[in-house]
There are 2 protein chains.
Amino acid sequence: MKMLPGIGVFGTGSVVRIIVPFLRAKGFVVVAIWGRTPASAQQVAKELSIPFYTSKVDEVLLRKDVDLIFVLCSPHLHAQISVKALGIGKHVLCDRPAGICQNDALKMVKASQYYPSLISIVNHSLRFLPAFTMMRKCLRDNYVGKRIDLCDVRIRISSLIDETEGYDWTCDERMGGGILTLVGSHVIDLLSFLTGLRATRVHGVIRTFESETARVQGIRRVTAPDFATFQLELGGPINDYNLLTGDRAPLLVTVQLMSSNQAGAFNQELVITGEAGALWVKGGDLHGRRNNAKEECLYLDVEDLEVITKSVT
Amino acid sequence: MKMLPGIGVFGTGSVVRIIVPFLRAKGFVVVAIWGRTPASAQQVAKELSIPFYTSKVDEVLLRKDVDLIFVLCSPHLHAQISVKALGIGKHVLCDRPAGICQNDALKMVKASQYYPSLISIVNHSLRFLPAFTMMRKCLRDNYVGKRIDLCDVRIRISSLIDETEGYDWTCDERMGGGILTLVGSHVIDLLSFLTGLRATRVHGVIRTFESETARVQGIRRVTAPDFATFQLELGGPINDYNLLTGDRAPLLVTVQLMSSNQAGAFNQELVITGEAGALWVKGGDLHGRRNNAKEECLYLDVEDLEVITKSVT
């Protein structure tokens, strides 16, 4: 008797090569894969021993043995595929972002409400990192005091462009590439998780510093931004849990995101300062300091590194 | 035969207590001091053995033995005092900022041009720090390449409010207090020194997180901002030396300034990244890294610390 749903995968990027073995290890059966071209679908299907491959969306969606789909392809197709899948009764796990514009996201939300029994998840994973779960708990316990002044986020990652493919969606802003959609959407999800608030005002600047790569030169240019800085005012509460009480001023958030192969190793830092102290996540660790006290380590990411290392090896 | 000009000092803050002994060590004679109240002027005159004190501006300016004035008082008086002094033929060294609005600054520039032989300096001192002089040289030598992407500035300092005085101009935005005028003006001067460019667009947010102190409570509140974040586009060249050549996009600058007694020690960091590498000043040291090469230290602030230590002791 088969209990776990059969899985159809959309996309042929490096994340597919990582996630399919993981799913199998957990007992799932991956039955079909879709690629933008028949060749790319065939290639990955062969590599990962997936029995069925195609470049036609419906040929995966309409299969009876596909109950859950993983949307891991270009963001400009996220809404189209997810909405269709939810409409014919398939569970959907969609990589971030939820489409490339607000309209896409609203369509997906509406589709997910049509059959409420279906699982529909947008993959914003930062909130599941133990350091952030712990940070949220500390904020609720007033570690930095009742008045929270500032949340400052800085992320440096290596280039988001898939150099193996030549020109593809990761180079193109309109197809959903770039740091604002791929990393910025994570940050915004994380902020709403930590604070229970939603943005009421925003200002930002995006830039594409590296408009050429070794394989993308000449007429075609990279348009996907590799730099973004923005400021948010978080004012509107999402639900009962939120960090603004009484007649507080909106919470200010400053964010800077940069992707470059020259920027050095991956680096993420989120600092929240308040009247009574500060909390910060650096990498996967949580640190804190109450006013006039010494810095303390509140969560160290050692166990997780061990778990991940064991799973991979 | 007296060669060095006699000095009149405006202001009674802590910087006066530091600068008067320095001036004397260099052979200058400090002949008069002005304070906002007769009592504060008398107090500092007695402490520093300055022969004449007053609370009337003209009584310092009109003295025959005063040839050079140091304007070290509240910024809302900078323009008024400097313009009057330049008009009657006195040299002026004015602490930053040059007044509290553009109008003030323009008046001061005009006054300084009336007798071109008079010395008139606004004290923006960061450009004289050896690490920044060296950074400018490296930028001219294309250390980070011809395409400069980003200049990112972050400064943390202790509170700018003079707690000894109770409520004074350092608490008041309209009198020139706060981090944007007192530190931000330094940053803007430094940027024009480093890049040879002036800002063509700007966006920013300021906040006053600490609106009460131990001595300022109740009806009177601190209005001077203790946090500022802004983004500049530097596009217009100031002179022949500038970092934009050909049809380059404007240079993006992101700045974050914060003052708080809880923020830990003083901390300044300025990073410039370009196509071929990065340069950064941290504290008083200059570091660099060319793409695919190791980080190197280009200037270490050891000598200066020794010089300062010797001067003070």
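The values are calculated or read from the model by the stated rules, or taken from the named source; none is laboratory data. Fair warning: this is a prediction, and the values are worked out from it, not measured in the lab. Note that we place each Cβ from the backbone using ideal geometry, even for glycine, and neighbour counts take in every protein chain shown. Accessible surface areas use protein heavy atoms only, side chains included; no ligands, DNA or RNA. Shrake-Rupley method; radii C 1.70, N 1.55, O 1.52, S 1.80 Å.
Every residue in segment A:119-135 that is in a helix (DSSP H, G or I) and surrounded by 19 or more Cβ atoms within 10 Å (Cβ to Cβ), please. First the steps, then the outcome.
Of segment A:119-135, the ones in a helix (DSSP H, G or I) are A:126-128, A:130-135.
If the condition is that a residue be in a helix (DSSP H, G or I) and surrounded by 19 or more Cβ atoms within 10 Å (Cβ to Cβ), then A:126, A:131, A:132, A:135 are the ones that fit.
Residue-by-condition table, conditions (1) charged (D, E, K, R); (2) modelled with pLDDT of 90 or more; (3) in a strand (DSSP E or B):
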{"residue": "B:202", "(1), (2), (3)": "no, yes, yes"}
{"residue": "B:214", "(1), (2), (3)": "no, no, no"}
{"residue": "B:218", "(1), (2), (3)": "no, no, no"}
{"residue": "B:225", "(1), (2), (3)": "no, yes, no"}
{"residue": "B:234", "(1), (2), (3)": "no, yes, yes"}
{"residue": "B:239", "(1), (2), (3)": "no, no, no"}
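Only residues that are in contact with a helix residue (DSSP H, G or I) (Cβ under 6 Å, 6 or more places away or on another chain) and either without any contact (Cβ under 8 Å) to a residue 12 or more places away in the chain or more than 16 Å from residue B:35 (Cβ to Cβ) (or both) were counted across segment B:161-179, and they come to 3.
Filtering segment A:4-33 to residues that are farther than 19 Å from residue A:167 by Cβ, part of a loop (DSSP other than H, G, I, E, B) and in contact (Cβ under 8 Å) with a residue 24 or more places away in the chain leaves A:4, A:5, A:28. In this entry, residue B:36 passes the filter for residues that are open to solvent by 10 Å² or more (accessible area, probe 1.4 Å), of a type in the set (Lys, Arg), within 22 Å of residue B:99 (Cα to Cα) and part of a loop (DSSP other than H, G, I, E, B). Scanning segment A:251-297 for residues that are within 11 Å of another protein chain (Cβ to nearest Cβ), without any contact (Cβ under 8 Å) to a residue 40 or more places away in the chain and surrounded by 15 or more Cβ atoms within 10 Å (Cβ to Cβ), we see that the one that is nearest to the chain's Cα centre (by Cα) is A:262. Taken together, A:66, A:83, A:20, A:31 contain a single residue that is modelled with pLDDT of 95 or more, closer than 24 Å to residue A:172 by Cβ and crowded, with 17+ Cβ neighbours inside 10 Å, which is A:83. For residue B:180, are the conditions met, namely being more than 10 Å from chain A (Cβ to nearest Cβ) and under 18 Å from residue B:137 (Cβ atoms)? No. For segment B:34-53, does any single residue satisfy the condition of being touching a Cys at 6+ places or on another chain (Cβ under 9 Å) and among the basic types (Lys, Arg)? Looking through segment B:34-53, at least one residue is touching a Cys at 6+ places or on another chain (Cβ under 9 Å) and among the basic types (Lys, Arg).
Using the structure shown, decide if residue B:181 is part of a helix (DSSP H, G or I), open to solvent by less than 20 Å² (accessible area, probe 1.4 Å) and at pLDDT below 95. Outline the logic, then answer.
Numbers: part of a helix (DSSP H, G or I): yes; open to solvent by less than 20 Å² (accessible area, probe 1.4 Å): no; at pLDDT below 95: yes.
No; evaluated as a whole, the condition is false for this residue.
Considering each of B:198, B:147, B:154, B:140 in turn, give the residue that is under 16 Å from the mean Cα position of the chain (by Cα), surrounded by fewer than 22 Cβ atoms within 10 Å (Cβ to Cβ), assigned by TED's automatic domain parsing to the domain that holds residue B:238 and basic (Lys, Arg). Just a single option satisfies the conditions, and that option is B:154. Applying the criterion of being acidic (Asp, Glu) and in contact with a strand residue (DSSP E or B) (Cβ under 8 Å, 6 or more places away or on another chain) to the residues of segment B:126-156, the residue that is farthest from residue B:178 (Cα to Cα) is B:149. Evaluation of residue A:159 against the conditions (1) within 14 Å of chain B (Cβ to nearest Cβ); (2) surrounded by fewer than 20 Cβ atoms within 10 Å (Cβ to Cβ); (3) at pLDDT 90 or above shows that the sole unmet condition is (3).
Of the residues B:56, B:84, B:110, B:90, only one is basic (Lys, Arg) and touching a Gly at 6+ places or on another chain (Cβ under 9 Å); which? Outline the logic, then answer.
On the way: B:56 fails: touching a Gly at 6+ places or on another chain (Cβ under 9 Å); B:84 fails: touching a Gly at 6+ places or on another chain (Cβ under 9 Å); B:110 fails: touching a Gly at 6+ places or on another chain (Cβ under 9 Å).
Going through B:56, B:84, B:110, B:90 in turn, just one is basic (Lys, Arg) and touching a Gly at 6+ places or on another chain (Cβ under 9 Å): B:90.
Whenever a residue of segment A:95-118 is surrounded by fewer than 17 Cβ atoms within 10 Å (Cβ to Cβ), its partners that are among the aliphatic types (A, V, I, L, M) and in a loop (DSSP other than H, G, I, E, B), lying with C-beta atoms within less than 9 angstrom and at least six residues away or across chains, give the pairs A:109/A:98.
Kindly establish whether residue A:208 is farther than 30 Å from residue A:138 by Cβ, within 14 Å of chain B (Cβ to nearest Cβ), open to solvent by 30 Å² or more (accessible area, probe 1.4 Å) and without any contact (Cβ under 8 Å) to a residue 60 or more places away in the chain.
Details: farther than 30 Å from residue A:138 by Cβ: yes; within 14 Å of chain B (Cβ to nearest Cβ): yes; open to solvent by 30 Å² or more (accessible area, probe 1.4 Å): yes; without any contact (Cβ under 8 Å) to a residue 60 or more places away in the chain: yes.
Criteria met by residue A:208.
Has segment A:96-103 got any residue that is at positive phi, outside the structural domain of residue A:282 (by TED's automatic domain parsing) and touching a Pro at 6+ places or on another chain (Cβ under 7 Å)? There is at least one residue in segment A:96-103 that is at positive phi, outside the structural domain of residue A:282 (by TED's automatic domain parsing) and touching a Pro at 6+ places or on another chain (Cβ under 7 Å).
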